[in-house]
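Quick notes on the structure that follows.
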Amino acid sequence: MYLGGKAPRRLTSLGLVVLLKIVALVSLLALVSVAYLWWQRRQGAVREVERAGALTSEQIGAQRGYYATFVQFSTPMCAKCPGTARLLQTVASEQDHVTHVEVDASVRLDLARDLSIMRTPTTLVLDGDGTIVARMDGAPTAQQAREALAKVHTSGTEYTI
């Protein structure tokens, strides 16, 4: 005889299936949430770039800035590219000798492939010599753009008189 007069309920096979489905659903939601948070954290994040070599003004299709250049790769179908361009132009205008250049990745597919541009907007930060010092995949915030600009340590050399 059980206390309380009732026998404990046993899980039926139907109840066990429902319980397993709930556990699987909760696990899936947790996994998707973690993946989303990881992806969201990478949006616009500034990463150090170890790629040697420099980009010339001819390669990017416009004069580089004497101190630094934001080179933004965009496509006509990119929804975040116009807002990113306005933001980068604003940040570039805050400092002397910093420019913003927008490159259409669909037209300059060769350059996009060489630089491993896989999504737009992607922004490269060049120092005055054209060396890539930072990269931002996705739409950055103003603070992230300023942080990337802070990674530039040298002055440029391409201006001619």
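Here, each number is a calculation from the coordinates, and none is a lab measurement. The shown structure was predicted, so the numbers you read here are calculated from the model rather than taken from an experiment. Positions of Cβ are generated from backbone atoms using ideal geometry, with glycine treated the same way; all protein chains shown enter the neighbour counts.
Phi angles across the range 137-144 convert, under the Karplus curve 6.51 cos²θ - 1.76 cosθ + 1.60 with θ = phi - 60°, into 3J(HN,Hα) values of 8, x, 7, x, 8, 4, 5, 5 Hz, Gly and Pro given as x. Using θ = phi - 60° in the Karplus curve 6.51 cos²θ - 1.76 cosθ + 1.60, the 3J(HN,Hα) couplings for the range 31-36 round to 4, 5, 5, 5, 5, 5 Hz; x is entered for Gly and Pro. By the beta-carbon count within 10 Å of each Cβ, the least crowded to most crowded order of Arg86, Arg108, fewest first, is Arg86, Arg108. Model label sites at Lys151 and Arg86, defined 7 Å from Cα along the beta-carbon direction, differ in position by 2.6 nm. The slack between Thr131 and Asp114, meaning 0.36 nm per residue of separation minus the straight C-alpha distance, is 4.7 nm.
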